[in-house]
Each structure stands twice: as structure tokens, then as C-alpha cells.
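Below is one structure; the comments refer to it alone.
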Amino acid sequence: FPKVRNITRSSGGTFSLDVHHFYPEKITVSWEVIQPPSSTQPHPIESTIIITQNQDGTFNATSTCESLRGLINENEVYVMRAVVEHRKLKHVKRREWRSDDKDTKNLLARPEVGMIQIPKLFANKHSQLQCTISHFYPDDLTMNWLIKEKGKREFPITNSARYKIPDSRSQLQPDKTFTHTALLEFTPILEDVGSEVICRVSHPSLKEPLERTTGPLQVLATPELQQPIQLSVADSGDVVGCLTLINFYPQDIMVNWTCNPIQYKENMSENKVIGNQNGTFRLESQYKIPGKLLENTEFIMKVTWKHESMERPECREISIQDPDFPWRPRIEDMSPLILQVGQETKVTCKISSYFPGNLRVTWLEKRGKTLSVLINKSSKYRIPDIRHERMADNSYQCSPSLSFTPTSDKEDLEIICRVEHPSLEHPIERRTGPPMINGEFYNRNQCILQNIHCI
């Protein structure tokens, strides 16, 4: 015959009943709770049963009911009843268990407080901290956020212009415990570095509150590029690239300079980090290379920087044909073409603000629709070598010239100065326009139309 044991109580508001040495295997165990004990309407409870077979062929069963959490009034006495039915029993067997004032505490479940989830904190950017509290019962949780500034006492955080504690509700879990996600929204500032944020939890199951802390906060500020790469020419003729990054925190930062197509790495960059009054830092990085490297039209100077606040490195570069390249030649002025028969005529073109000095000047003449390149070796034209002069910023200027002695003052002539430089994608040029004869411009078409002799 089945041997029905007494009801045993487990933690978390569950109960179990053992039945031993029964045969055949089929058996039914049902559960109900009665509250108050005088009630005539028991409340059925779901349960599970595990059956095992003994060596003698009989069976054992353990029936466990679902948790009473949420099913009863925890402040009132209740009765648990298990009813066993089996073919070998003449009558159903009942077992009862009666609670007392202390038994209701058995339904309590202590909260488990997870680590505070901390994203990367950036100065003056909205952030959110999150702390998950789980496996507690009943849903009677008190949660407080506190902050402990470096070297000071902790104080509670309340909703304010800087802090916001969003409302959130506990979620019931399948095991009839609750989970609660506590949130804190705030805007970090650099003064928060080293402070700690604390999540403190109180619950009826706890004698003392539980808490988690962020540990000392680390607040980041991402480097800002003050301006594109700045180039200058030293007195030695070397070119210095300068990069300025501002408003970053913490101080450590990596900067790397390279030059292409020639991997020039003989000189290390000079980096100077300066602290700002607001706690951020400023970096001034300089990289010096020989000026002759810029004679290559494929020259590129590149700088890369990486900081703890950045997901990936950033870079900037400048090429000799970049729009921001500072030393592209300019033709500032060109002297007029004055023709006086038998007297030497000189045309001068002023070119300034170029670097490096490998400037090429080509002189051309236009007679009617015919364009010809003038060469120095001809007996007619004299083209002196170009003399490059340093300007105040160590870039160059020059005044190339062309001299010749006209044999006629009736020429439909125009002189062109064409300039080529590694920084120019296409040559630039300046023209004299029509010649001047005795202080007046020569206009061949006008002379022909008026059928007059132009002097």
C-alpha cells in the first residue's frame, strides 16, 4: 500500500509530499490552499510530480506544488492540503500543514544586485547608468542613487536639472520573484572624475541594505581639431607641419606623422601638451621634414591621432596640390609691353609666395594667331636665370624677365609669362596685352579699319 508522508516546506513558498512503495505506478497528488483556515472554498494549486522505481518493482513519488507567492495573503494564517489517490487506497489520503505568524517570512526572497552597467562617459554628453536587481519577493523594494565625490561624503541623488531618475516598474518572473531595473540619467562633467555613484537597495528580506558602486568614475573628452594641418618653412628650408588638438581628457594621446610617397621617418614629432583651466588638455604637435620632399608632385603629409575617448583613430593629410596648401605661386604683376624701335624692351613678371623653389617659367610670344615659345639661346631674346628670394615667411618670390630689341613698332605682338610649379595642377600665366607705342596701345585691327598709318 502507498505510504504517504507528511508535507514538508521548502524555501520560497513551495511545499512537497513524498509517497513511497506503491504499485501500480499510476498515482494522483493534488494540492490546495485554504485561507483563512475556516474557509470552505479551497484554492487549487498547480504541482509537478516525479516518480522513480525501486528495486522491488514498487514506486516512489515526490509531488511539489508551485510557489504560494502572489496566491495568498502573507499576513494571514493559511492551511496547505495535499490529497493522494491510488487504486490500492480504499479512501483518499489527506495531509495538511498549518502556518503560523513566522511562516509567512518563508515567502521572502533576498534581492540580488547586479553590477552597475557603465557606458563610456563623455563630458557634457547625456549618459545613463543601469543597475538590475533580481530574484526578490515581495515587490517591496526601495532603491536609492547616491554620489560620493572624491574626498567628500556621499549624498543622495534626486531629480534635478543635472540628474534624472526615470520611473520604472518591477517585472514578475516565471519563478514568481521580481526583477527591477534602476536607471540614472545624468550629464557627466570633468569634475566627476574620481567620484563614485552608488545604488543602494532595501527590502523586507534584508537586515542591512545592499549596494553596488561604480568605483571611481572616468570621464572622457574627445579631442577636437582646431584647424587643418598648418605648414611653415623654417630658416633652414625645412618644412614644419603643425597639428593642434584641443579640449581632450585624459592627457595621454598618440600622434603619428608620415610622408608619402617617401616614407620619411628620420625625425620624431615634437609634442607639447598643455593643461587648460577647465581641466582638459591641448596638444601642439610639430613634424619637420626637408623642404626638398615637396618637389615631388605626389607629396602627402599625413598625421594620425588616437585617444581613449575615440572608437578608432582619426587622421588628416595635406598634399602639395591640396586647396589648403599655402605656397601656391601667384603672379602679382606684369610690366606692359612698350615698343620703341632700336631700343631694348624689357618685360618683367613678379611671382610670389611659392615653395619649394623649383619654379619653371616659360616665355611665349603671340603674333596674330601664332603662339611660339621663346628660348634664351636665340639671338633675339635674352632671358636671365631666375633668382629666388626669401620672403618674410621663408617662401620665395622672383621677378623673371625677358628682353629684346624690336625692329618695328607695327607688330601685332603679345608676350605671355607661363608658370609651372609642383603645387599647380595646371600652369598659370599672365599676358602683357597689346603693345604700347609712344605711350598708346597698338591696335592693328583699328588701324586697318580706319585705313590709317599707326605709328
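Which of (1) small (Gly, Ala, Ser); (2) over 18 Å from Pro356 (Cα atoms); (3) at pLDDT 90 or above is the odd one out, the single condition Ser236 does not satisfy?
Evaluating Ser236 over (1) small (Gly, Ala, Ser); (2) over 18 Å from Pro356 (Cα atoms); (3) at pLDDT 90 or above leaves (2) as the failure.
Considering each residue of segment 119-160, count those that are under 30 Å from Asp175 (Cβ atoms) and of a type in the set (Asp, Glu), and give that number.
So the answer is 2.
Taking segment 388-427, which residues are without any contact (Cβ under 8 Å) to a residue 12 or more places away in the chain and under 21 Å from Ser236 (Cβ atoms)?
Glu389, Arg390, Ala392
Consider Cys131 against the criteria (1) on the phi < 0 side of the Ramachandran plot; (2) without any contact (Cβ under 8 Å) to a residue 40 or more places away in the chain; (3) not basic (Lys, Arg): it satisfies all of them except one. Which criterion is unmet?
Every listed condition holds for Cys131 apart from (2).
Consider Glu365 against the criteria (1) modelled with pLDDT under 95; (2) surrounded by 12 or more Cβ atoms within 10 Å (Cβ to Cβ); (3) assigned to a loop (DSSP other than H, G, I, E, B): it satisfies all of them except one. Which criterion is unmet?
Among (1) modelled with pLDDT under 95; (2) surrounded by 12 or more Cβ atoms within 10 Å (Cβ to Cβ); (3) assigned to a loop (DSSP other than H, G, I, E, B), Glu365 violates only (3).
Which of the residues that make up segment 8-20 are surrounded by 12 or more Cβ atoms within 10 Å (Cβ to Cβ) and modelled with pLDDT under 95?
Thr8, Arg9, Ser10, Gly12, Gly13, Thr14, Phe15, listed by residue number.
Out of all the residues in segment 227-235, is one or more in a loop (DSSP other than H, G, I, E, B), assigned by TED's automatic domain parsing to the domain that holds Asn124 and more than 23 Å from the chain's Cα centre (by Cα)?
The answer is no; no qualifying residue exists.
Can you run down the residue pairs with Cβ atoms below 9 Å, 6 or more apart or on separate chains, where the first is in segment 205-230 and surrounded by fewer than 15 Cβ atoms within 10 Å (Cβ to Cβ) and the partner is part of a loop (DSSP other than H, G, I, E, B) and among the hydroxyl-bearing types (Ser, Thr, Tyr)?
Sorted first by the residue in segment 205-230, then by its partner, the pairs are Pro216/Ser195.
Let me spell it out: the conditions are (1) out of contact with any strand residue (DSSP E or B) (no Cβ under 9 Å at 6 or more places or on another chain); (2) polar (S, T, N, Q); (3) farther than 25 Å from His126 by Cα, and Asn159 meets all of them except one. Which number is the exception?
Unmet condition: (3).
Mind listing whichever residues of segment 95-136 are assigned to a strand (DSSP E or B), farther than 21 Å from Pro188 by Cβ, modelled with pLDDT of 95 or more and of a type in the set (Gly, Ala, Ser)?
Selection gives Ser134 alone.
Among the strands (runs of 3 or more DSSP E) contained in segment 241-343, which hold 2 or more residues that are under 30 Å from Glu191 (Cα atoms) and among the aliphatic types (A, V, I, L, M)?
Once the strands (runs of 3 or more DSSP E) in segment 241-343 are filtered for at least 2 residues that are under 30 Å from Glu191 (Cα atoms) and among the aliphatic types (A, V, I, L, M), what remains is 254-260, 270-275.
Taking the options Ile416, Ile386, name whichever one is within 56 Å of the chain's Cα centre (by Cα) and not in a strand (DSSP E or B).
Working: Ile416 fails: not in a strand (DSSP E or B).
Within the list Ile416, Ile386, the selection yields Ile386.
Could you give me the residue pairs with C-beta distances under 9 Å whose first residue belongs to segment 34-53 and is touching a residue at least 60 places away in the same chain (Cβ under 8 Å), whose second residue is surrounded by 14 or more Cβ atoms within 10 Å (Cβ to Cβ) and assigned to a strand (DSSP E or B) wherever it lies, and which are 6+ apart or on separate chains?
The qualifying pairs are Pro37/Val79.
The values are calculated or read from the model by the stated rules, or taken from the named source; none is laboratory data. None of the values given here were measured: they were computed from a predicted structure. As a convention, Cβ positions derive from the backbone with ideal geometry for all residues, glycine included, and neighbour counts pool all protein chains shown.
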